[in-house]
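The values are calculated or read from the model by the stated rules, or taken from the named source; none is laboratory data. As the structure is a prediction and not an experimental result, all values here were calculated from the model. FYI the Cβ positions are ideal-geometry reconstructions off the backbone, even for glycines, and counts take in every protein chain you see. Just so you know, the surface numbers come from the protein's heavy atoms only, side chains and all, with ligands and any DNA or RNA stripped out. Shrake-Rupley method; radii C 1.70, N 1.55, O 1.52, S 1.80 Å.
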Amino acid sequence: MELRVRDGRAVLAGEDESGEREVDPHSLPLGSDLAEALHEWAKVADAVVRTETPADGVANALVARRGRQLAGRIAAVMNSPVSYTDPVSGDLLTVEAPEAPAEAEAGAEEQEESEPTPWGTGLTVSVITAAIVAVTVVSLSLGLGETSRWLALVANVLVVGGLAPSVWLGRKVPVWRWVAYGVVTGVGVAWLALILTLL
């Protein structure tokens, strides 16, 4: 398939049984917004080509870049390479279809698997976070426990309930998972310490 400009209109040319054939983008399943963008680009390109004064290099570059972008969008929608004839220079370029999302995800997973897990740094962050959370929860609970044990219990539930959504969201993020592990461990250690103070 080839993207061209004909008399201020965008056309897509392709081969079929009867030979080469040019079709309007609206007749293909590209979506009306992409078809309209193609025709708007073709009008601008035609105006740049028809100017009697020498065309500005910036205008030529903008028309060429926009044409490549639109050819890339067509290639993505049609999932096949699209040739693009630059209306200003006449150069023929081919824009490849982007790789399938499944292939991209597989490539991303391979890249993630190839990176080693930073156990030393991660566990250090988890230990420091656990210590801070444990000291904070124990201090809060003991301070409030002198006034009322029920108040300390309610404060504990509110603090942990406030932290829980953030910890739940952060458990799969590569850097923040270590902080999440530390928060969970710190809360567990603090509650164990508080239970032991009651005995």
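One table, with the values for the structure above:
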{"quantity": "Condition broken by PRO98, with the remaining ones in (1) assigned to a helix (DSSP H, G or I); (2) over 13 Å from LEU3 (Cβ atoms); (3) modelled with pLDDT under 80; (4) not β-branched (Val, Ile, Thr) satisfied", "calculated": "(1)"}
{"quantity": "Extreme residue, least open to solvent (accessible area, probe 1.4 Å), among residues of segment 16-43 that are acidic (Asp, Glu) and modelled with pLDDT of 70 or more", "calculated": "ASP24"}
{"quantity": "Which numbered condition ALA61 misses (of (1) at pLDDT 75 or above; (2) crowded, with 17+ Cβ neighbours inside 10 Å; (3) among the hydrophobic types (A, V, I, L, M, F, W, C); (4) closer than 15 Å to LEU93 by Cβ)", "calculated": "(2)"}
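To keep it simple, each residue is scored yes or no on (1) open to solvent by 40 Å² or more (accessible area, probe 1.4 Å); (2) in a helix (DSSP H, G or I); (3) at pLDDT 75 or above; (4) touching a helix residue (DSSP H, G or I) at 6+ places or on another chain (Cβ under 7 Å).
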position: VAL49; (1), (2), (3), (4): yes, yes, no, no
position: ALA55; (1), (2), (3), (4): yes, no, no, yes
position: ALA75; (1), (2), (3), (4): no, yes, yes, no
position: VAL88; (1), (2), (3), (4): yes, no, no, yes
